[in-house]
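Before any comments, here is the structure.
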Amino acid sequence: MSSSAALDNLIDALCCLPGIGRKSAQRMALYLIDKNRQGAQAIAQNISAALDKVGHCERCRNFSDAAHCQICENAKRQDGLLCVVETPADVMAIEASGSFQGKYFVLLGKLSPIDGIGPDDLGFDLLQQRLESEQIDEIILATNPTVEGDITAQYIADLAARYQIKTSRIAHGVPLGGELEYVDSGTLARALNARQLFS
Amino acid sequence: MQNRVNDQPAFILHRRDFQESSLILELFTIDFGRISVLVKGARKRRDAAYFQTGHRLQLGWGGRSALKILTQIDCRPLQIPLKLYSCVFYVNELLLYLLPREQEQRDLFHRYQHLLLELAQHQADDSLEAVLRSFEMDLLQQLGLMPDLTMEHYSEQSVQAVLHYTFDMLTGLRRCEDGSEAGFGGGELLSIQQRRFDTTAVLKAAKRLMRKIIDYNLQGRTLQSRKLFQQLNKKP
């Protein structure tokens, strides 16, 4: 307990961040109040603004300030290429790779039978509407290569097949710079099965 | 329970994300039955692919509390077709709800392993119904929840193939005069007891009976996997 109730409250509030315990929260709070009040002001304003403005895009379910997100509104991106991912963090990871110029659909989860997460929780009705109403040439299934991610991908592939839309799955295999000796057998088996002609 | 365990055959029944990159695994192990294990930084590990349901694992862990800490993992992957994972999830959920914690269930462990191997070698045209019913019976039998299908509960008379019976969890099998739809044929009951699921009628009766017994023992809980896969089969 410190000499200030407001400071204690700030420390308690910072503890809600992932990976931040009481000691780290205390260090952050003291730094902000003691050394960087301007930075603290900016954080407070930005958190407040983000909470007010950020919702979900009506087309792709990614985070957005407006009804449609910047990616969906970007006319330079290909409308016919739709990449389905599990979380907004996955969109950021793909965007950071700079190798995709299509649009996204964010499930905000994955089919997880034992947790009771089904198609209704993942916006499949919205995805189906898009498949019906838009001219989509290819769906790239970029869900995680876990059992649940694969089941989710399978479900979407079945859905796309009803509209005769081509589906592809992102490749799984040996990471760049990795060594075969240290790759697990399941990944190696997938990499061998999905080998490509070398040119 | 021992403080440190090594080379323990195990299967993952369920995994839950914990904090930023860790996992909590619900395991079915050969010597300790169902236990929970924390895997720190699991999602960033090189062997992250091992932490999936349906793989044969050899695990080690330490710790005295109910949540152990994983110390060792080795994996022999099983190639179960994706479409059959509905069965794996269903069986896993049954085990999660019905198995008591930290209680050895060697026979059941071997039956579970056998079931997964059967799923991995499954041919598309074989029916899975009989395999699943048989496992459900094993599970209920091991836990002492499976009623005797060869004898009426109160009268202790043997079940006759030509007669009809009703089944209730509290009153057991009871002869009914007319063959009502909710009832079971004596012949069906005897076939189920001997696990001869060779006709559609026996399979249907077995499914109805097992569901009744399982639902009673779930004490009001709904099997999410059953609900989900009914939903998936209906849609899209």
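Among the listed pairs B:Lys40/B:Lys83; A:Lys53/A:Lys76; A:Lys110/B:Lys44, give every one whose C-alpha distance is greater than 22 Å.
Check vs 22 Å cut-off fails for B:Lys40/B:Lys83; A:Lys53/A:Lys76.
Just to be sure I understand: with springs between alpha-carbon atoms less than 10 Å apart, which residue in B:Lys212, B:Lys44, B:Lys68 has the highest mean-square fluctuation in the Gaussian network model of chain B?
Ranking B:Lys212, B:Lys44, B:Lys68 by mean-square fluctuation puts B:Lys44 first.
Compute the helix-to-body angle for B:106-120: its Cα long axis versus the longest principal axis of chain B, expressed 0 to 90° and rounded to tens.
For B:106-120 against chain B, the angle is about 90 degrees.
What range in chain A is the longest one free of trypsin sites (Lys or Arg not before Pro) that are in a loop by DSSP and have at most 12 other Cβ atoms within 10 angstrom?
A:77-194
Calculate how steeply helix A:147-162 sits against the longest principal axis of the alpha-carbon atoms of chain A, using the helix alpha-carbon long axis, and give the answer as 0 to 90 degrees to the nearest 10.
Once rounded, the angle reads 50 degrees.
Work out the FRET efficiency for A:Asp79 and A:Ser48 from their Cβ-Cβ distance, taking R0 = 35 Å, and round it to the nearest 0.05.
E(calc), rounded to 0.05, equals 0.50.
Given q = 0.27 Å⁻¹, what are the Debye log10 I(q)/I(0) values for the range A:5-53, with equal point scatterers placed on the Cα positions and solvent ignored?
Taking Cα atoms of the range A:5-53 as identical point scatterers yields -1.08.
How high is the relative contact order of chain B? Use alpha-carbon pairs under 8 Å, at least six apart in sequence, and give a whole percent.
14
Kindly give the semi-axes, whole Å and largest first, of the ellipsoid equivalent to the protein assembly as shown, taking each as the square root of 5 times a Cα gyration tensor eigenvalue.
Value: 46, 29, 24 Å, ordered largest first.
Could you tell me how many degrees, from 0 to 90 and to the nearest 10, lie between the Cα long axis of helix A:124-133 and the main elongation axis, the longest principal axis, of the Cα atoms of chain A?
Approximately 50 degrees, to the nearest 10.
Convex hull over the alpha-carbon atoms of chain B: what's its volume per residue in Å³?
152
Could you let me know the centre-to-centre spacing of the range B:80-141 and the range A:96-136, using Cα atoms, in angstrom?
The range B:80-141 and the range A:96-136 have Cα centres separated by 31 Å.
Kindly state, to the nearest 0.05, the FRET efficiency for A:Lys166 paired with B:Cys176, given R0 = 45 Å and r defined as their beta-carbon distance.
Using R0 = 45 Å, I get an efficiency of 0.20.
How many percent of DSSP beta bridges within the range A:63-169 run antiparallel, rounded to 5?
The antiparallel proportion sits near 10 percent.
Other chains near A:110-122: what is the mean number of their Cβ atoms within 10 Å of each residue's Cβ?
6
Could you grab the relative contact order for chain A? Cα pairs under 8 Å, six or more apart, rounded to a whole percent.
Computed value for chain A: 13 percent relative contact order.
Readers should treat all values here as calculations from the given coordinates under stated rules, not as data from a laboratory. All figures in this text were calculated on a predicted structure; none of them were measured in a lab. Here Cβ is always computed from backbone atoms with ideal geometry, including for glycine, and neighbour counts include all displayed protein chains.
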